[in-house]
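S.K.: Following this message is one structure expressed as structure tokens.
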Amino acid sequence: MMRLRLAAFLLLLAGFSSAQAFTIEDIRIRGLDRIAEGTVLNYLPLETGDELTAARTSDAVEALFDTGFFDDVSLLRDGDTLIVEVDERPAIARIEFIGNSQIDSERLREGLSGAGLGEGQSFDRPLLARIERELEQQYFALGYYDVDIESTVSPLPRNRVSLRVDVEEGEPATVQGIRFIGNRAFDVDRLRDVFEMGPKAWWAVLSQRDKYSRERLSGDLQRLRAFYRDRGYADFSIESTQVTISTDRERINITVNLDEGQQYTVGDIELAGDLIYPRDTLRELIAIDSGAIYNQRNITRSVEAIQEKLGERGYAFARVNPIPELRQADRAVDLTLFVDPAERVYVRRIRISGNESTRDDVIRGELTQYEGTWLSTSDLRASESRLGRLGFFSDVTINTPRVPGTTDQVDVEVNATERLSGSLRAGVGFGSDQGLLLNLGVQQDNLFGTGDRVEFVANSDDADTVYRLSYLERNHTMSGIDRRYALSFRDRDADEADLADYGVKTTRASYGYRIPVSGTDRLGADLTFEDVALEFSDPTAFQRDFQARNGTSNRAILTDLSWTRDSRNTAIFPTSGARQRLGLAVALPQVSDVEYYRFSYEQSRYLALNEQFTLVLDGTLSYGNAYGAGERLPFYENFFAGGIRTVRGYEANSLGPRDENNDPTGGNLRALGRAEIRFPLARDEDGNNLRFATFVDAGQVWDRERENLDYKSDISFSGVRYSAGLGLVYYSPIGPFTVSVAEPLNAKSRDDTQRFQFTIGASF
């Protein structure tokens, strides 16, 4: 085709060179099928009235070929009329990819389009061959060296074609070995541990460690550099990296040639530039000392800490440039941190987006950054956390673009992606602790976009029937005080809950406030009316004693005071921060039939180990007793432990003291602890989550106030029960599905153990 085109072109030039040039009176286009005539005329550098010469002929043919629309172009003369004959390239009507799983079809389609082979574009076969080779390189970068790519072009009516790209990916090559050359300070095994990629152990069936990709190798090399520079090797370098593949294209060996250099200590540390703060203030933020082993990570932390400090005063775009100077003779690095605060900026306007239901004022009420004030990075971070803890949003992002035409102004853009905040639940489930579960619930956490919360719940299992209605009015006052109403009824058959043989019906009505003290701290104050009705079929000794003193009907008015500190990054599936709660409930004297108090402290801490794994540390301490005329805590207010919600591996409510019938009675002192490592297995767009966890539980219940017990546990560490195991939780739209397999670590002969425990349906 190229030879034919060249011959035609030479004949054309010969014709125009041998003949006298002529003035074009008219231009006609031949051979068009789908391309508009106007398009050709637009690209043709000739028009009527022009004089056509051999040179201009060459330019015209070249211009039309450069469009990529044509396989052939000819210029002919008919009198003073110029005839342009073209042979159109076919258009690509559709592109189909078959067999690709490692590279998304849309990504492949975008790549072809960017290279000029997109749907609607002209088809160029030589270009297709080059793109096939490029696709192979992309697969090579992922470790698929046995990939086979074959394209099929099928003609369609109206000078169109369909393109089918068949990809046979084959199996990825696996990393067989990693060699290091030049290492002296650290052995090969230690350096291999730095790499996330490498040969996998025979037992790690599900591991992807041996999967090779160019991107993973690049990341591992960066980790190797960081490893050495965090240990003092400031002039460490990687000289070369070789990747060799076996002849069968199934195994890869990697060789890293490195130069460790020398180990350095930190010499003089200086602060330079416009510091804004007193020098001593910034020096306290430097996480490395003179004389210490040089550590790049600590230098980075120091830079970030100083930038964060400057950001609190409005210098949001401050730069801190660490300038190391190596003194090879002394094996020391002098470090200068040059501070450039840039211009101080303030907030012009706060824009809120993404909230389809939640009112703007609800979101603004959680912001600690305000319009017209200096921009504060700490306030932005606090605002993001406060919005996340509301539980209304699946994602919250805050950006600070500069105002065009200014250097000292930014806009704060808050984008809040809402999650479903309302639910209607109706379900049937089964729990190893509770038996048959019946659940009906209506809940709206963001009523009419106001942030108010309303809930009605009706639950029933083998032991309990519960009805609860509550309403939380957010921002009842301008100062951000919330108001809460609640009404509940509970009918418990303790015998069905594997407790002592009695029944108790409890009716409660409460009214209270939640008072913000700071961005993370909140005080609570509730007043509760409580009516308790007891039923005994075969009372035990301590039940008879209680009945003799207090009867079977008791009323109390309780005041419940609490302090909560919540610094979690989000209320749903937190990965950082902590939550603490301190509570004290007191039955008021004179107006209560029984006088008692209950104290509790709860804490949960969340530590992100990496992007996937989160360490959770939970602890609970609860204590209750009588005061005044009361002799002991009412037995129906006792604390219990054991079961899937407290100490897994032991039957529900089974730990601690027992009566003469060997039934658990609970106690007035409880201690619980839990360490758990969680990571998600799957997550859907609605935030429903499948999570796996490994855990260690600990806990026990004691009661030193009652002497007429058949079995009592001593208040000591030796009495604490432990368990370890695996857990699985799925947060579904109708409630959690929870499974645990736990092994009691120090169960005693009288303990009731239950290694497999589960709950299906909403808990209550």
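The values are calculated or read from the model by the stated rules, or taken from the named source; none is laboratory data. As the structure is a computational prediction, the values presented were derived from the model and not from experiment. Cβ placement follows ideal geometry from the backbone for every residue including glycine, while neighbour counts extend to all protein chains displayed.
S.K.: Report the residue count in the range 225-280 for those that are touching a Phe, Trp or Tyr at 6+ places or on another chain (Cβ under 9 Å) and β-branched (Val, Ile, Thr).
M.R.: Number of matching residues: 9.
S.K.: Of the residues Thr540, Thr564, Thr477, Thr465, which single one is on the phi < 0 side of the Ramachandran plot and buried (at least 19 other Cβ atoms within 10 Å of the Cβ)?
M.R.: None of the others qualify; the one that does is Thr540.
S.K.: Applying the selection to the range 32-55, what residues are assigned to a helix (DSSP H, G or I), of a type in the set (S, T, N, Q) and surrounded by 13 or more Cβ atoms within 10 Å (Cβ to Cβ)?
M.R.: Once the filter is applied, which keeps residues that are assigned to a helix (DSSP H, G or I), of a type in the set (S, T, N, Q) and surrounded by 13 or more Cβ atoms within 10 Å (Cβ to Cβ), the range 32-55 yields only Thr39.
S.K.: Moving on to the next point. Looking at the range 114-125, can you tell me whether even one residue there is within 19 Å of Glu168 (Cβ to Cβ) and surrounded by fewer than 17 Cβ atoms within 10 Å (Cβ to Cβ)?
M.R.: Scanning the range 114-125, I find no residue that is within 19 Å of Glu168 (Cβ to Cβ) and surrounded by fewer than 17 Cβ atoms within 10 Å (Cβ to Cβ), so the answer is no.
S.K.: For the range 366-389, enumerate the residues that are buried (at least 16 other Cβ atoms within 10 Å of the Cβ) and over 25 Å from the mean Cα position of the chain (by Cα).
M.R.: Trp374, Leu375
S.K.: So, in the range 81-115, how many residues would count as being in contact (Cβ under 8 Å) with a residue 24 or more places away in the chain, more than 25 Å from Ile29 (Cα to Cα) and of a type in the set (Gly, Ala, Ser)?
M.R.: Total satisfying the criteria: 3.
S.K.: Conditions: (1) closer than 21 Å to Asp124 by Cα; (2) surrounded by 14 or more Cβ atoms within 10 Å (Cβ to Cβ). Asp66 meets all but one. Number of the miss?
M.R.: Going through the list (1) closer than 21 Å to Asp124 by Cα; (2) surrounded by 14 or more Cβ atoms within 10 Å (Cβ to Cβ), Asp66 breaks only (2).
S.K.: May I pose another question? Between a first residue in the range 211-226 that is closer than 13 Å to Ile252 by Cβ and a second residue that is outside any helix (DSSP H, G or I) and polar (S, T, N, Q), which pairs have beta carbons less than 8 Å apart while being 6 or more apart in sequence or on different chains?
M.R.: Filtered contacts from the range 211-226: Lys211/Thr174; Tyr212/Thr174; Leu217/Thr241.
S.K.: I've got another one for you. Identify, by number, the condition in (1) in contact (Cβ under 8 Å) with a residue 24 or more places away in the chain; (2) outside any strand (DSSP E or B) that Glu611 doesn't meet.
M.R.: (1)
S.K.: Quick one: in the range 242-274, of everything that is not hydroxyl-bearing (Ser, Thr, Tyr) and not in a strand (DSSP E or B), which residue is farthest from Ala329 (Cα to Cα)?
M.R.: Asp248
S.K.: Of Asp361, Asp330, which residue is in contact (Cβ under 8 Å) with a residue 40 or more places away in the chain and loosely packed, with under 14 Cβ neighbours inside 10 Å?
M.R.: When all the criteria are applied, what remains is Asp330.
S.K.: Do you know which of the residues in the range 261-276 that are of a type outside the set (S, T, N, Q) and surrounded by fewer than 16 Cβ atoms within 10 Å (Cβ to Cβ) is nearest to Arg192 (Cα to Cα)?
M.R.: Out of the qualifying residues, it is Asp268.
S.K.: Let me ask something else. Kindly provide the set of residues from the range 395-442 that are crowded, with 19+ Cβ neighbours inside 10 Å and either closer than 15 Å to Ser353 by Cα or modelled with pLDDT of 80 or more (or both), ordered by number.
M.R.: Listed by number, the residues that qualify are Val396, Val410, Val412, Val414, Ala416.
S.K.: Please go through (1) of a type outside the set (A, V, I, L, M, F, W, C); (2) surrounded by 13 or more Cβ atoms within 10 Å (Cβ to Cβ); (3) touching an Asp or Glu at 6+ places or on another chain (Cβ under 7 Å); (4) outside any loop (DSSP other than H, G, I, E, B) for Glu150 and return the number of the only condition it doesn't satisfy.
M.R.: Checking Glu150 against (1) of a type outside the set (A, V, I, L, M, F, W, C); (2) surrounded by 13 or more Cβ atoms within 10 Å (Cβ to Cβ); (3) touching an Asp or Glu at 6+ places or on another chain (Cβ under 7 Å); (4) outside any loop (DSSP other than H, G, I, E, B), the one that fails is (2).
S.K.: Okay, next question. Given the structure, is Gln208 of a type outside the set (A, V, I, L, M, F, W, C) and under 30 Å from Asn295 (Cα atoms)?
M.R.: When the stated conditions are applied, Gln208 does not pass them.
S.K.: Given the conditions (1) in contact with a Lys or Arg (Cβ under 7 Å, 6 or more places away or on another chain); (2) among the hydrophobic types (A, V, I, L, M, F, W, C); (3) modelled with pLDDT under 85, which single one is not true for Ile95?
M.R.: Of everything listed in (1) in contact with a Lys or Arg (Cβ under 7 Å, 6 or more places away or on another chain); (2) among the hydrophobic types (A, V, I, L, M, F, W, C); (3) modelled with pLDDT under 85, Ile95 misses just condition (3).
S.K.: Applying the selection to the range 233-242, what residues are surrounded by 19 or more Cβ atoms within 10 Å (Cβ to Cβ) and at pLDDT below 95?
M.R.: Within the range 233-242, Ala234 is the sole residue that qualifies.
S.K.: Among the numbered criteria (1) part of a strand (DSSP E or B); (2) at positive phi, which one does Asn554 miss?
M.R.: In the conditions (1) part of a strand (DSSP E or B); (2) at positive phi, Asn554 misses (2) alone.
S.K.: Kindly state which strands (runs of 3 or more DSSP E) lie completely within the range 632-744 and contain at least 1 residues that are at pLDDT 85 or above and of a type in the set (Ser, Thr, Tyr).
M.R.: 689-702, 721-732, 735-744
S.K.: Taking the stated definitions as given, is Val165 β-branched (Val, Ile, Thr), closer than 16 Å to Arg94 by Cβ and surrounded by 15 or more Cβ atoms within 10 Å (Cβ to Cβ)?
M.R.: Yes; evaluated as a whole, the condition is true for this residue.
S.K.: Assuming Val591 fulfils every condition listed in (1) in a loop (DSSP other than H, G, I, E, B); (2) closer than 30 Å to Phe392 by Cβ apart from one, which condition is it?
M.R.: (2)
Conditions (1) of a type in the set (Val, Ile, Thr); (2) within 30 Å of Ala416 (Cβ to Cβ); (3) in the same structural domain as Gln222 (by TED's automatic domain parsing), marked per residue:
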site	(1), (2), (3)
Pro278	no, no, no
Gln296	no, no, no
Ile306	yes, no, no
Phe317	no, yes, no
Ser353	no, yes, no
Leu367	no, yes, no
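S.K.: Okay, next question. For the range 128-146, indicate whether the set of residues that are at pLDDT below 85, in the same structural domain as Ala36 (by TED's automatic domain parsing) and β-branched (Val, Ile, Thr) is non-empty.
M.R.: No, there is no match, as no residue in the range 128-146 is at pLDDT below 85, in the same structural domain as Ala36 (by TED's automatic domain parsing) and β-branched (Val, Ile, Thr).
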